[in-house]
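Asker: To start, I am sharing the structure in question, which I have written as structure tokens.
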Amino acid sequence: MEALDAAIAALEASPLGAAMRGQKGLYPAVSIAHVAGLVMLVGGIGVVDLRTIGLGRGVPLPALSRFLTPLAIAGLVLMAASGLMLFSADAGPLSRSPVFRTKVVLIAVALANALIFRRLFGDFEHGREPPALARIMALGSLGLWSGAAVLGRLIAYS
């Protein structure tokens with residue numbers, strides 16, 4: 001735990017942390033990028049999840065997934081990079097925040113859910129509706145990513 005605390009302190013004291021705290025306009029710009037990443041991630045994977053659950057059955061799920069999954073992955077990469085930058089500005093206090101810690105757990109579980117989902121189901125076969133487990137995992141995905149987003153907003157108020 002000491003090594004993690006030292007790494008968090010080093011990140012906050014780093015030139016990145018200093019720039020995020022001191023460079024006028026940088027924090028808001030990175031925050032906007034973080035929100036854009038969230039829109040890409042949840043917009044992409046959320047639509048695929050809703051289709052997996054059963055909405056919009058007229059839209060072929062394999063094609064939809066192949067089209068939107070790269071957008072969701074790009075959003076995840078943008079969120080990870082911008083999230084690290086935002087975290088660096090106030091890493092010590094954030095790392096002790098129960099709201100932030102819960103957000104990180106939800107993200108980890110959502111990522112594990114996505115990886116397991118991909119391994120089990122891929123992009124589905126054309127014309128075949130997803131099995132019950134896929135629909136349950138898609139519903140879980142919606143809840144996990146939405147919960148992480150809500151907790152992200154609540155960090156400012158905790």
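Asker: Hey, can you tell me all the residues within region 86-141 that are more than 18 Å from Leu61 (Cα to Cα) and aromatic (Phe, Trp, Tyr)?
Answerer: Phe87, Phe100
Asker: Could you tell me which numbered condition Leu151 fails, if it satisfies all but one of (1) out of contact with any Ser or Thr (no Cβ under 7 Å at 6 or more places or on another chain); (2) at pLDDT 95 or above?
Answerer: Evaluating Leu151 over (1) out of contact with any Ser or Thr (no Cβ under 7 Å at 6 or more places or on another chain); (2) at pLDDT 95 or above leaves (1) as the failure.
Asker: Another question, if that's okay. Does Arg66 meet the test of being charged (D, E, K, R), in contact (Cβ under 8 Å) with a residue 40 or more places away in the chain, part of a helix (DSSP H, G or I) and over 28 Å from Ala29 (Cα atoms)?
Answerer: Here the answer is yes, as Arg66 does meet what is asked.
Asker: If the Cβ limit is 8 Å and pairs must be 6+ apart or interchain, which residue in region 43-61 that is touching a residue at least 40 places away in the same chain (Cβ under 8 Å) pairs with which residue that is part of a helix (DSSP H, G or I) and of a type in the set (Phe, Trp, Tyr)?
Answerer: Ile45/Trp145; Gly46/Trp145
Asker: Of the residues Val30, Val77, only one is in a helix (DSSP H, G or I), hydrophobic (A, V, I, L, M, F, W, C), out of contact with any Phe, Trp or Tyr (no Cβ under 6 Å at 6 or more places or on another chain) and under 19 Å from Leu111 (Cα atoms); which?
Answerer: Unique residue meeting the criteria: Val77.
Asker: Same structure again: Looking only at region 90-124, which residues are under 19 Å from Ile45 (Cα atoms), in a helix (DSSP H, G or I) and either polar (S, T, N, Q) or touching a residue at least 40 places away in the same chain (Cβ under 8 Å) (or both)?
Answerer: Lys103, Leu106, Ile107, Asn113, Ala114
Asker: Take Phe87 and tell me if it is part of a helix (DSSP H, G or I) and within 24 Å of Pro15 (Cα to Cα).
Answerer: yes
The values are calculated or read from the model by the stated rules, or taken from the named source; none is laboratory data. From a predicted model like this one, the values you see are computed outputs, not experimental measurements. Neighbour counts run over all protein chains shown; Cβ positions are idealised from the backbone, glycine included.
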